[in-house]
Amino acid sequence: MAKQFASLDAKHQEFIAEQHLFFVATADESGRINLSPKGGDALRVLSPTRLVWRNLTGSGNETAGHLARVNRMTVMWCSFEKRPLILRAYGQARTVHPRDKEWDELDGHFPPHIGARQVYDVSIEMVQSSCGYQVPFMAFERDRDTLDKWTDDRRPDGISAYWDERNRETIDGLPTGILSE
């Protein structure tokens with residue numbers, strides 16, 4: 001049975017800290033809904049009603065494009081180990097780029113990474129838990145290092161060129177704001 005909460009309580013925060021994976025969903029008024037898995041050391045709960053997660057350079061940039069138009073986001077965690085549980089945080093989010101004044105403060109919550117592209121600052125409006133009874137058991141083996149190697153090979157100039165070539169627009173043609181215009 002689903003339960004709603006106004007914020008993340010201590011047990012929610014403990015559950016989040018145990019997860020190796022989370023999912024992020026965004027959409028603008030029309031077009032495609034984006035749902036992305038995120039792993040690694042990419043998320044921090046700053047308070048019961050605020051979390052931040054850092055986005056590294058990738059093949060798409062849907063989240064930034066959607067938030068430029070409609071600033072809503074859902075973040076979801078589900079347990080593949082231990083007790084079954086799905087936890088969702090619904091809220092408003094804003095995109096912070098390396099050029100923005102808040103970048104150093106927010107990116108400072110994470111280990112340095114040359115592929116850091118955005119930090120998303122999420123104001124939580126509602127939290128919902130549900131059973132997760134149908135989520136399968138799966139064991140965590142390790143984080144992948146593929147993206148780290150990819151970004152290290154390109155260095156900062158190569159990352160910027162990649163942003164220019166591949167991350168300026170969403171798949172629906174929306175601008176992402178990745179590079180200052």
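The values are calculated or read from the model by the stated rules, or taken from the named source; none is laboratory data. The model shown is predicted, which means the values in this text are computed figures rather than measured ones. In this analysis, Cβ positions are derived from the backbone assuming ideal geometry, glycine residues included, and neighbour counts consider all displayed protein chains. Side chains included, ligands, DNA and RNA excluded: accessible areas come from the protein's heavy atoms. Shrake-Rupley method; radii C 1.70, N 1.55, O 1.52, S 1.80 Å.
In table form, for the structure just shown:
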read-out: Failed criterion for R142 (all others in (1) among the basic types (K, R); (2) surrounded by 13 or more Cβ atoms within 10 Å (Cβ to Cβ); (3) not in a strand (DSSP E or B) hold); value: (2)
read-out: Segment 22-45: number of residues that are in a strand (DSSP E or B), surrounded by fewer than 16 Cβ atoms within 10 Å (Cβ to Cβ) and without any contact (Cβ under 8 Å) to a residue 60 or more places away in the chain; value: 4
read-out: Qualifying residue in segment 1-21 (condition: over 20 Å from H66 (Cα atoms), hydrophobic (A, V, I, L, M, F, W, C), in a loop (DSSP other than H, G, I, E, B) and modelled with pLDDT under 95); value: yes
read-out: Inter-residue pairs, beta-carbon under 6 Å, first within 15 Å of R44 (Cβ to Cβ) and in segment 75-96, second outside any strand (DSSP E or B) and at pLDDT 95 or above, 6+ apart; value: W77/I16; W77/Q19; A93/L67; A93/N71; V96/E102; V96/W103; V96/L106
read-out: Matching residues in segment 48-75 - criterion: being more than 30 Å from G158 (Cβ to Cβ) and open to solvent by 40 Å² or more (accessible area, probe 1.4 Å); value: P48, T49, R50, N71, R72
